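Colleague: Next up is a structure, given as structure tokens.
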């Protein structure tokens, strides 16, 4: 529902998070563009998205809308985003344990439509995409 409007403004809709926070939730929208994101970009997208959300009303109850750049520790939402960052360091939180672990941090080695491979030190993990709860890049110094 939001992607066409964000794209029409010249941005990529990087991802959306909806986080419960008591009576009010947080709807965080990440936008990106090759030349970076400014505060003005976030304000422009926020006004456009707020209008759409007011009309469509997809979220029950009150919420705060936040529009942000993905940043250096950007979250990864899609398989295509993982593909863009093969070779980079990632931190992954899983929905359930895999080989006794709920979190894996290491180098993103490969990506297919069904799984990603992460090398942590000398150990490789094949992580089914549907087991990933959250994933973020780890910025390198």
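The values are calculated or read from the model by the stated rules, or taken from the named source; none is laboratory data. All of these numbers come straight from a predicted model, not from anything done at the bench. FYI the Cβ positions are ideal-geometry reconstructions off the backbone, even for glycines, and counts take in every protein chain you see.
Colleague: Out of curiosity, is residue 96 at pLDDT 95 or above and within 23 Å of residue 31 (Cα to Cα)?
Modeller: no
Colleague: If a residue must be touching a helix residue (DSSP H, G or I) at 6+ places or on another chain (Cβ under 7 Å) and touching a residue at least 40 places away in the same chain (Cβ under 8 Å), how many such residues does region 110-136 contain?
Modeller: Going through region 110-136 one residue at a time, the tally reaches 1.
Colleague: Another question, if that's okay. Output the residue which, of all residues in region 95-109 that are surrounded by fewer than 16 Cβ atoms within 10 Å (Cβ to Cβ) and out of contact with any helix residue (DSSP H, G or I) (no Cβ under 7 Å at 6 or more places or on another chain), is nearest to residue 78 (Cα to Cα).
Modeller: Taking the candidates together, the pick is 109.
Colleague: If I filter region 52-67 for residues that are closer than 21 Å to residue 129 by Cα, surrounded by 12 or more Cβ atoms within 10 Å (Cβ to Cβ), in contact (Cβ under 8 Å) with a residue 40 or more places away in the chain and not assigned by TED's automatic domain parsing to the domain that holds residue 132, do I get at least one hit?
Modeller: No, that holds for no residue.
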